[in-house]
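**Q** Submitted below is the structure of interest, expressed as structure tokens.
The values are calculated or read from the model by the stated rules, or taken from the named source; none is laboratory data. Model, not experiment: these values are computed from the prediction. All Cβ positions, glycine included, derive from the backbone under ideal geometry; neighbour counts span all protein chains shown. We work out accessible area using only protein heavy atoms, side chains counted, and drop any ligands, DNA or RNA first. Shrake-Rupley method; radii C 1.70, N 1.55, O 1.52, S 1.80 Å.
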Amino acid sequence: MSGGVPAGLTETLAAAESVCVLTGSGVSAESGVPTFRDAQTGLWAKFQPEALATMEAFRRDPSLVWEWYRWRRELVRQARPNAAHAALVELEQMFPRFNLISQNVDGLHQAAGSRNMIEFHGNIMRTVCSEEGRVVEDYDASESPPPCPHCGAYLRPDVVWFGEQIDTDALAAAIEYAGACDVFFAIGTSALVQPAAGLAELALQSGACLVEINPQQTSLSDRASYALHGTAAELLPALVRALRDSPGERA
Ligand code: OAD
């Protein structure tokens, strides 16, 4: 064991060719972005996130949903990548095949320097037309929600809401990576939301070693080969150090 990383895991990783990582909002917790289900504070504490992140909620009360996202965008705007994001960038450079699938909409993996990554649930800082789906960069931010400058429909954040489909290409690629990896990591996710959570199941069925990093127990913990109970910003840098120091060192 080194820094909370079991020796067996270091050996497995030293021999791995293909690694797939699924991240959730716990990875950004140490950047000061509250996790999805902990995000509700202050004025927003009385709302359930699941009740705001839907098309039905947006149709019913577009201004409420837009203002919720305006608040969440401000939290993201102030956040910087943490040691977990940085360690994932280092891990990407250590394996012949490395793919990161993130449920996070905050863009912090890209800001840290991750390259092979799929934004499974979109990006909160991008804005699209709710009718035509096109990305819109210039709009009147004083309106709530602003109208699309092309067609007048409301604008919305470019995130996947409950009940909406994941982008077809993103889903196909994620399924391919999860089904073909030697090691699958589930990091900072409660593994409650499909189809993301199903990727871990797929990896297990395909014979991958499942590794979880989460301070809490989740539905994946009992089936993981390694369930590491600690924070991502502590454990991921420790994992990188352990790999660098291992006999079959990965450069
Ligand atoms: P959740 O808020 O459901 O879960 C966050 C997880 O992170 C929990 O299991 C925490 O125990 C864990 N956690 C907290 N702090 C951590 C830390 N420092 N290091 C590691 N783990 C930590 O968020 P997600 O699983 O990301 O989707 O939620 C998945 C999806 O649910 C979101 O992308 C969102 C929501 O539906 C959509 O909006 C479509």
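**Q** Looking at 192, 220, can you tell me which residue is open to solvent by 20 Å² or more (accessible area, probe 1.4 Å), outside the structural domain of residue 63 (by TED's automatic domain parsing) and within 18 Å of the chain's Cα centre (by Cα)?
**A** The conditions single out 192.
**Q** While we're here: State whether the residues of segment 178-188 include one that is over 19 Å from residue 15 (Cβ atoms), in contact with a helix residue (DSSP H, G or I) (Cβ under 8 Å, 6 or more places away or on another chain) and open to solvent by 50 Å² or more (accessible area, probe 1.4 Å).
**A** There is no residue in segment 178-188 that is over 19 Å from residue 15 (Cβ atoms), in contact with a helix residue (DSSP H, G or I) (Cβ under 8 Å, 6 or more places away or on another chain) and open to solvent by 50 Å² or more (accessible area, probe 1.4 Å).
**Q** Within the group 142, 206, which residue is open to solvent by 10 Å² or more (accessible area, probe 1.4 Å), among the small types (Gly, Ala, Ser) and free of Cβ contacts under 8 Å to residues at least 12 places away in the same chain?
**A** Step by step, each of 142, 206 is checked, and only 142 is open to solvent by 10 Å² or more (accessible area, probe 1.4 Å), among the small types (Gly, Ala, Ser) and free of Cβ contacts under 8 Å to residues at least 12 places away in the same chain.
**Q** Hey, another quick one. What are the pairs, 6+ residues apart or on separate chains, where a residue within segment 53-69 that is among the small types (Gly, Ala, Ser) has its Cβ under 7 Å from a residue that is more than 13 Å from the ligand (Cβ to nearest atom)?
**A** Close Cβ pairs satisfying both conditions: 63/144; 63/145.
**Q** I would also like to ask the following. Give the residue that is modelled with the lowest pLDDT, with candidates limited to residues of segment 19-43 that are over 21 Å from residue 98 (Cβ atoms) and of a type in the set (A, V, I, L, M, F, W, C).
**A** For segment 19-43, the residue satisfying everything is 39.
**Q** Then there is this: On the given criteria, is residue 29 within 11 Å of the ligand (Cβ to nearest atom), assigned by TED's automatic domain parsing to the domain that holds residue 176 and open to solvent by less than 70 Å² (accessible area, probe 1.4 Å)?
**A** For residue 29, the condition - within 11 Å of the ligand (Cβ to nearest atom), assigned by TED's automatic domain parsing to the domain that holds residue 176 and open to solvent by less than 70 Å² (accessible area, probe 1.4 Å) - is met.
**Q** Could you please find all residues in segment 148-177 being of a type in the set (D, E, K, R) and open to solvent by 50 Å² or more (accessible area, probe 1.4 Å)?
**A** 164, 167, 169, 176
**Q** What number of residues within segment 172-203 are touching a residue at least 12 places away in the same chain (Cβ under 8 Å) and within 13 Å of the ligand (Cβ to nearest atom)?
**A** So the answer is 14.
**Q** Looking at 17, 50, can you tell me which residue is more than 10 Å from the ligand (Cβ to nearest atom) and surrounded by fewer than 18 Cβ atoms within 10 Å (Cβ to Cβ)?
**A** Exactly one of 17, 50 is more than 10 Å from the ligand (Cβ to nearest atom) and surrounded by fewer than 18 Cβ atoms within 10 Å (Cβ to Cβ), namely 17.
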